[in-house]
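Enquirer: Let me begin by handing over the structure; questions about it come next.
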Amino acid sequence: MAQYLVLLYEDEAGWQAGGPAAEAGLKAHKEFAQKHGDVLRGGNALQPTSTATTIRDGVVTDGPFAETKEALGGFYLIEADDLDQALAVAKDVPAPFGGVEVRPIMTFD
Amino acid sequence: MSAAAAAVADAHRREWARVLAATVRVTRDLDLAEECVQDAYARALTAWQDGVPANPAAWLTTTARRRALDELRRSATLRSKLPLLVEPAPAGEPSPFPDDRLRLVFTCCHPALAMEAQVALTLRLLCGLTTADVARAFLVPETTMAARLTRAKKKIAAARIPYRVPPPSELPHRVHAVLAVVHVLFTTGHTAATGPSLRRPDLVERALDLARMLRLLLPADADVAGLLALILLTDARRETRVGPDGRLLLLEEQDRARWDRSAITEGVALVREALRHRPPGRFALQAAIAAVHAEAPSWRETDWREIVALYDLLRDRWPSPVVELNRAVAVGLAEGPAVGLAALEPLGREPQLARYGYLAAARADFLRRLGRAEEARLAYQEALVLTDNDVERRFLAERLAGLA
């Protein structure tokens with residue numbers, strides 16, 4: 001077994017605007033968590049990038065690490081046998097205002 | 001070349017993928033498997049001087065696997081901590097040399113790898129080309145290609161891309177990914193993007209070998225049959241595409257008596273089979289169009305209406321500006337250059353075709369046929385700017401010079 005982090009990159013404006021699209025998105029996340037509860041090891045939604053603080057070379061600045069239209073807005077940690085299985089789960093992750101990135105978790109022994 | 005060397009070269013061409021795929025099962029590491037298989041071929045050069053074994057692939061696999069086991073024992077602690085995910089073979093497998101080529105195919109052509117990496121891995125691991133040869137095929141420095149291959153292999157191990165044939169539910173779209181790689185190899189070889197010769201026979205032959213292998217391993221797949229048919233029917237014209245003086249010869253001018261009849265017969269039979277699948281796939285339809293040309297006794301007797309009808313089906317199945325362009329050309333041949341020119345007109349606004357020399361060339365040809373020399377001149381000049389293949393450039397320059 002291996003663990004993968006599914007990173008959700010989306011246009012924050014979509015969620016902030018609320019309305020039926022965002023409501024449907026929230027519902028979809030609940031359904032996703034129910035459907036894949038057996039492989040989910042964790043996950044969270046993040047506050048918007050306007051709340052982010054970046055530290056580079058010890059210098060603290062306001063704002064996210066990189067200014068992009070689609071920002072990291074949340075993640076799921078999942079467990080899977082291989083990439084194919086991880087991708088099958090990741091395809092179900094709702095990301096109505098963007099997409100997701102799947103990254104294998106490094107293991108040290 | 002000695003008999004042994006010839007037999008080794010032959011086995012390299014025919015059996016590389018099978019031997020490597022069976023060795024990967026033991027090593028669970030692509031690099032070590034490659035090393036051991038290369039070593040087995042080197043040993044065969046000497047060992048086979050006393051006689052070539054009855055089953056060269058079995059000999060090579062045994063030799064490569066023995067070396068692999070030695071290596072694994074010697075350096076048990078040094079080996080990669082990320083072994084490939086090899087699923088056990090189905091129980092009751094009779095042969096000690098399983099045909100794992102399909103696993104290797106699906107690993108090399110995994111959609112999580114960049115297309116250029118998939119193509120490079122396919123040439124390296126399935127066709128057995130050296131890294132230098134793969135680099136030459138794609139006109140990049142050898143160090144660049146070596147880095148590309150290393151990066152792809154690292155991703156296979158680190159992201160755990162499995163070494164297995166996908167389950168039936170995933171198979172159709174995974175087969176499409178594999179066919180896309182073989183198709184890229186073929187089109188790259190059929191008309192080289194740049195350089196002095198029109199065709200790159202080495203790449204065409206590799207694409208044909210791969211398509212034949214897939215046909216053998218997936219005999220019921222209509223898309224595989226369609227792609228093999230497309231390659232056979234298109235490449236059947238290889239001897240006639242360029243004149244003795246190196247000039248590009250259009251379909252219209254080609255000596256059809258010199259088209260490869262056995263390739264056409266085989267291709268046409270495959271098209272019939274592929275078209276029985278409903279709805280027919282993209283490659284089957286493209287092959288059907290090539291089959292109409294292959295079976296027409298002459299350019300004048302070509303059934304352009306049938307070709308337009310096939311392009312209509314292809315357009316539904318696989319909408320793309322390039323299909324629209326080819327369809328417009330066929331419309332012009334069926335109904336005259338004025339209608340063809342009108343069909344090309346909306347394509348000028350397609351961003352995907354903005355740097356596509358064939359659009360300008362097609363427009364130039366219709367304008368020339370209509371006697372609109374000034375406009376034709378501009379269109380030929382535009383096509384020349386967008387074309388880097390020397391043979392094609394010469395053709396366009398001659399047409400330009402021939403305008404009244």
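Enquirer: Using the 2.2 N^0.38 Å rule of thumb for compact globular proteins, work out how chain B stacks up: its C-alpha Rg over that value, please.
Expert: 1.11
Enquirer: Can you list the residues of the stretch A:83-109 with backbone N under 17 Å from a point 7 Å past the Cα of A:Ala17, pointing along Cα to Cβ?
Expert: Inside the label zone: A:95-99.
Enquirer: What is the dipole size for the protein assembly as shown, taken about its Cα centre, with +1 at each Lys and Arg Cβ and -1 at each Asp and Glu Cβ, in debye to the nearest 20?
Expert: Here the size comes out at about 760 debye.
Enquirer: Rg (Å, one decimal) plus Dmax (Å, integer) for the alpha carbons of the stretch A:41-109?
Expert: 14.8, 41
Enquirer: Roughly how tilted is helix B:222-235, in degrees to the nearest 10 and between 0 and 90, from the longest Cα axis of chain B?
Expert: 60
Enquirer: Hey, another quick one. Going through the stretch A:1-78, which chymotrypsin sites (Phe, Trp or Tyr not before Pro) have at most 14 other Cβ atoms within 10 Å and a DSSP loop state?
Expert: Taking the stretch A:1-78 and a limit of 14 other Cβ atoms within 10 Å, the loop chymotrypsin sites (Phe, Trp or Tyr not before Pro) found are A:Phe65.
Enquirer: On average, how many beta carbons from a partner chain sit within 10 Å of the beta carbon of a residue in A:76-83?
Expert: Average per residue, whole number: 3.
Enquirer: Show that you can apply the helix-only estimate: for the protein assembly as shown, add -39,500 (n - 2.57) for every DSSP H stretch of four or more residues, divide by all residues, and state [θ] at 222 nm to the nearest 500.
Expert: So the calculated ellipticity at 222 nm is -18000 deg cm²/dmol.
Enquirer: Please go through the residue pairs A:Lys30/A:Lys69; A:Lys91/B:Lys153; A:Lys35/B:Lys153; A:Lys69/A:Lys91; A:Lys27/A:Lys91; A:Lys27/A:Lys69 and name each one whose alpha carbons sit more than 28 Å apart in this structure.
Expert: A:Lys35/B:Lys153
Enquirer: Choose one answer from B:Asp70, B:Asp221, B:Asp390: the residue with the largest mean-square fluctuation in a GNM of chain B with alpha-carbon springs under 10 Å.
Expert: Of the options given, B:Asp70 has the highest mean-square fluctuation.
Enquirer: Here's another thing I want to ask about it. Output needed: percent of Cα pairs per 10 Å distance bin for the stretch B:266-387, bins running from 0 to the one holding the longest distance.
Expert: 14, 39, 33, 13, 2
Enquirer: Let me ask something additional. Could you work out Rg/(2.2 N^0.38 Å) for the stretch B:128-271, with Rg from alpha carbons only?
Expert: 1.22
Enquirer: So if R0 is 56 Å, what FRET efficiency would A:Ala24 and B:Thr144 give, r being the distance between their Cβ atoms, rounded to the nearest 0.05?
Expert: Between A:Ala24 and B:Thr144 the formula returns 0.75.
Enquirer: Same structure, new question: Once the stretch B:123-181 is represented by equal point scatterers at the alpha-carbon sites, with solvent omitted, what log10 I(q)/I(0) does the Debye formula produce at q = 0.18, 0.26, 0.27 Å⁻¹?
Expert: One equal scatterer on each Cα of the stretch B:123-181 leads to -0.80, -1.10, -1.11.
Enquirer: Additional query: Given the Cα-Cα distance of B:Glu205 and B:Arg349 and 0.36 nm per residue of separation, how much length would full extension add, in nm? Could the numbers behind the result be given before it?
Expert: Values: separation 144, 0.36 × 144 = 51.84 nm, distance 3.65 nm.
Taking 0.36 nm per residue and subtracting the Cα distance, the gain is 48.2 nm.
Enquirer: When only alpha-carbon atoms are used, what values of Rg and Dmax, in angstrom, describe the stretch B:324-399?
Expert: Answer for the stretch B:324-399, Rg first and Dmax second: 11.6, 32 Å.
Enquirer: In terms of the Cα gyration tensor, with a ≥ b ≥ c the square roots of its eigenvalues, is the protein assembly as shown rounded because a/c is under 1.5, prolate because a/b exceeds b/c, or oblate?
Expert: oblate
Enquirer: Quick one: which of B:282-288, B:160-166 comes out on top by average Cβ neighbours within 10 Å, and what's the full order, highest first?
Expert: Per-residue mean Cβ counts within 10 Å order the peptides as B:282-288, B:160-166.
Enquirer: What angle, in degrees between 0 and 90 and rounded to the nearest 10, separates the Cα long axis of helix B:56-74 from the longest principal axis of the Cα atoms of chain B?
Expert: 60
Enquirer: To test your reading of the geometry: what angle, between 0 and 90 degrees and rounded to tens, separates the Cα axis of helix B:171-190 from the longest principal axis of chain B?
Expert: 60
Bear in mind that the values in this text are calculations on the coordinates, not laboratory data. Because the structure is a prediction, the values reported are computed rather than measured. As a convention, Cβ positions derive from the backbone with ideal geometry for all residues, glycine included, and neighbour counts pool all protein chains shown.
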